[in-house]
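Just below is one structure, and these are the notes that go with it.
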Amino acid sequence: MDIYLQGLLWVLGIGIVTGGLTALFHRWTAGEGRVLNNEVVGGVFTIVGGLHAVLVAFVLISLFDGASGAHDNAQQEANALVAASWAADSLPDPARTKIHELAHEYAMTVRDKEWPQMRSGQLVVGPGEQQLAQLHTEIAGAANTDDDWVKDRKTEASNELWQVYQSRQQRLDAAGGGVNAVVWFALIIGGVLSIAVAFLFAGARGAGHIVVMGILAATITLVLFAIFQMQDPFTGGANVGPDAFDSALARLG
């Protein structure tokens, strides 16, 4: 099911259910007593709703930064791989040819094997780590010469490969991370408490309270759905793709 349709169904569903419960609440309770408590309820709602809003804001900002960071990190990994391969152009054969082949194979592995595993929430397995180890061996084992330019290119290839290692580890750490269970507990309970306190408000007309409660519940559901979809940068709403490695393969030839 489309992510936007899922979100719409959740938002409308929770909003309608909450509006219905509010209507029942009005039938079962005396409005006069609730009106007298509006000032007290307002103070409690300000504290509970305010704390929940702050928590939601921090989580959403963190997730947006994480998605942006995952995209930038993938670009950095792919660019460093290309730079390592290009730096090897000055190395003597057979190391040069082998490094080019391994760089191309690694980019293919990340795009065609590791990315589908990250999108499905699976543990990333495959030859990617071994291919990087082979790249390191080939660069380190390239024949030494007295040419300073060749020495510089060999050092550059090693440095770029180290950047690939670091970016790869950050990518794997980000995949399947999600929001901590304790944070989810606080988000859900905070939302429920905010709605529960708002039930105790009473206005001049019950219909107005029903609409307000439906909107409040729908809004809380919307932000929780957004958090759920953004918690893994490689799935759901974030869905960072392997575009960087498509570009890398095009440059590697």
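Values quoted throughout were computed directly from the atomic coordinates according to the rules given, and no laboratory measurement underlies them. Remember, it's a predicted structure, so these values are computed and weren't measured experimentally. Using ideal geometry, Cβ is built from the backbone for each residue, glycine included, and neighbour counts are taken over all protein chains shown.
If you take the alpha carbon radius of gyration of the range 135-253 and divide it by 2.2 N^0.38 Å, what ratio comes out, to two decimals? This ratio for the range 135-253 stands at 1.97. Which value in Å does the Kirkwood hydrodynamic radius of the chain take, with 1/r averaged over all unlike C-alpha pairs and then inverted? Radius from the Kirkwood sum: 21.8 Å.
Counting other Cβ atoms within 10 Å as a rough exposure proxy, the listed residues ILE220, ILE14, ILE215 run ILE215, ILE14, ILE220 from fewest neighbours to most. In this Cβ point-charge picture (+1 for Lys and Arg, -1 for Asp and Glu), the chain has a dipole of about 1280 debye about its Cα centre. Among the DSSP helices (H) of the chain, those spanning at least 15 angstrom by Cα along their long axis with an average Kyte-Doolittle hydropathy of -0.5 or more are 3-28, 38-87, 128-140, 181-198, 206-230; this is a geometric and hydropathy rule only. Calculate the translational D of the range 150-210 in whole µm² s⁻¹ from Stokes-Einstein, where the hydrodynamic radius comes from the Kirkwood formula applied to all Cα pairs, the temperature is 37 °C and the viscosity 0.692 mPa s. Diffusion coefficient, whole number: 195 µm²/s. Restriction of the trypsin sites (Lys or Arg not before Pro) in the range 134-231 to DSSP coil positions whose beta-carbon has at most 16 other beta-carbons within 10 angstrom yields ARG205.
Legend: ranking of residues LEU102, LEU200, LEU5 from fewest to most surrounding C-beta atoms inside 10 Å; resulting order LEU5, LEU200, LEU102. Based on DSSP H segments of at least four residues, each scored -39500 (n - 2.57), the chain has a per-residue ellipticity at 222 nm of -26500 deg cm²/dmol. Residues THR221, THR145 in ascending order of nearby Cβ atoms (within 10 Å, fewest first): THR145, THR221.
Taking the range 50-139, how much of its Cα-Cα pair set, in percent, is spaced more than 16 angstrom apart? Tail fraction, whole percent: 64.
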